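For reference, the structure is listed below as structure tokens.
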Amino acid sequence: MRKIYAASLGLLGAGAATFGYASVIERNWFRLRRFDVPVLPPGRPPVKILHLSDAHLTPGRSRLIHWVRSLDALEPDLVVNTGDTLSHRDAIGPFLDALGPLLDRPGVFVYGSNDLYSPIFKNPLRYIWRTSKSDYKRHRREPDLPYRELGSSLQAAGWLDLNNRIGRLKVGELDVEFGGIDDSHINRDRYDKIAGPVDPQADVHLGVMHSPEPRNLDRFAADGYDLLLAGHTHGGQVCVPFYGALATNCGIDRPRVKGLHEHRGSWLHVSAGLGTSPKAPVRFCCPPEASLLTLVPR
């Protein structure tokens, strides 16, 4: 009995230590990932894209806010935010403060489901056998987060709203064409509104979305987009050493739950994101991240 009691205490202690590490240390252990992406015409100078996603910001996340603000020192030519920025109705001001001087750079954005709907507690084990998409159909009707105000604030800084829209920006010396869609996780994506071949006169073509659903990835690739940018997965958020993510919360396969990969002739970058839902404030073997993607000649 003493051995059983001691083993039980040991397991409880190990569980508490793991939770403490995942919720306090790794959740605030921000990383910058760097990738070179060969999509530019020959002879063009490199262009740097800062990819941000899934901040899930609440006003008290001071470490996250200060770290994001420090990324301006990277001098990106373009900032792309792929959604799930908010987790609190008072988070718009803190997020704009986090962006700080990054707002003076060219930028584009799309929404994620958690820009519209505040977080609620869910059993995390359910993600192993199904996504959270059905939760919105059953329980969430009217948005309760100020996503329109978020969009207006970013547009006021000159950033492009790419929710089911085509856009164009001068980025460095490049003419960049963008196609973007709203979040497929809550059925707001309308790819038909942007469908069609890319403009061959543009130097490079970027597809922007929140959730990397294969049906949309296929259409972006077929239309000729060079680089596709997404978030949503949190990289799995809780991963198993030597195995990886247990779930992706969307249709993307587990090996591509984060990082840079190829997709039917296009490049796909999925960000593991900066934050977590405040209802599930843990990360394990999957640190929060932003990515610096350097576009280089093919």
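For the range 281-298, which residues satisfy the criterion of being open to solvent by 40 Å² or more (accessible area, probe 1.4 Å) and either outside any loop (DSSP other than H, G, I, E, B) or over 14 Å from ASN28 (Cα atoms) (or both)?
Within the range 281-298, PHE284, PRO297, ARG298 meet the criteria.
Test HIS261 against the criterion of being open to solvent by 10 Å² or more (accessible area, probe 1.4 Å), in a strand (DSSP E or B) and at pLDDT 95 or above, and give yes or no. Don't jump to the end; show me each part of the working.
Numbers: open to solvent by 10 Å² or more (accessible area, probe 1.4 Å): yes; in a strand (DSSP E or B): yes; at pLDDT 95 or above: yes.
So HIS261 passes the test.
Could you list, in sequence order, the residues of the range 201-233 that are β-branched (Val, Ile, Thr) and within 11 Å of GLY179 (Cβ to Cβ)? I'd like the intermediate steps shown before the answer.
If we filter the range 201-233 for residues that are β-branched (Val, Ile, Thr), which is where we start, we get 204, 208, 233.
If the condition is that a residue be β-branched (Val, Ile, Thr) and within 11 Å of GLY179 (Cβ to Cβ), then VAL208 is the only one that fits.
Is at least one residue of the range 186-200 open to solvent by 20 Å² or more (accessible area, probe 1.4 Å), among the β-branched types (Val, Ile, Thr) and outside any strand (DSSP E or B)?
Checked against the condition, which is being open to solvent by 20 Å² or more (accessible area, probe 1.4 Å), among the β-branched types (Val, Ile, Thr) and outside any strand (DSSP E or B), the range 186-200 yields at least one hit.
Name the residues in the range 22-72 that are assigned to a helix (DSSP H, G or I), among the hydrophobic types (A, V, I, L, M, F, W, C) and buried (at least 16 other Cβ atoms within 10 Å of the Cβ), would you? Write out each step before concluding.
As a first pass, look at the range 22-72 and keep what is assigned to a helix (DSSP H, G or I): 22-28, 62-72.
So of that shortlist, the ones also among the hydrophobic types (A, V, I, L, M, F, W, C) come out as 22, 24-25, 64-65, 67-68, 71.
Across the range 22-72, the qualifying residues are ALA22, LEU64, ILE65, TRP67, VAL68, LEU71.
For the range 234-248, check the following and say yes or no: at least one residue is among the hydrophobic types (A, V, I, L, M, F, W, C), open to solvent by less than 30 Å² (accessible area, probe 1.4 Å), closer than 15 Å to ASP183 by Cβ and outside any helix (DSSP H, G or I). Show your work before the answer.
The initial filter retains those residues of the range 234-248 that are among the hydrophobic types (A, V, I, L, M, F, W, C), namely 238-240, 242, 245-247.
Then drop every residue that is not open to solvent by less than 30 Å² (accessible area, probe 1.4 Å), which leaves 239, 245, 247.
Those left that are additionally closer than 15 Å to ASP183 by Cβ: none.
No, there is no match, as no residue in the range 234-248 is among the hydrophobic types (A, V, I, L, M, F, W, C), open to solvent by less than 30 Å² (accessible area, probe 1.4 Å), closer than 15 Å to ASP183 by Cβ and outside any helix (DSSP H, G or I).
A quick yes/no check of all residues on (1) at negative phi; (2) of a type outside the set (A, V, I, L, M):
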{"position": "LEU40", "(1), (2)": "yes, no"}
{"position": "LEU50", "(1), (2)": "yes, no"}
{"position": "GLY60", "(1), (2)": "yes, yes"}
{"position": "SER70", "(1), (2)": "yes, yes"}
{"position": "GLU75", "(1), (2)": "no, yes"}
{"position": "GLY93", "(1), (2)": "yes, yes"}
{"position": "LEU99", "(1), (2)": "yes, no"}
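The values are calculated or read from the model by the stated rules, or taken from the named source; none is laboratory data. Just so it is clear, the structure is predicted and the values come from calculations on it, not from any experiment. All Cβ positions, even for glycine, are placed from backbone atoms using ideal geometry, and neighbour counts span all protein chains on display. These area figures cover heavy atoms from the full protein model, side chains too; ligands, DNA and RNA do not enter into them. Shrake-Rupley method; radii C 1.70, N 1.55, O 1.52, S 1.80 Å.
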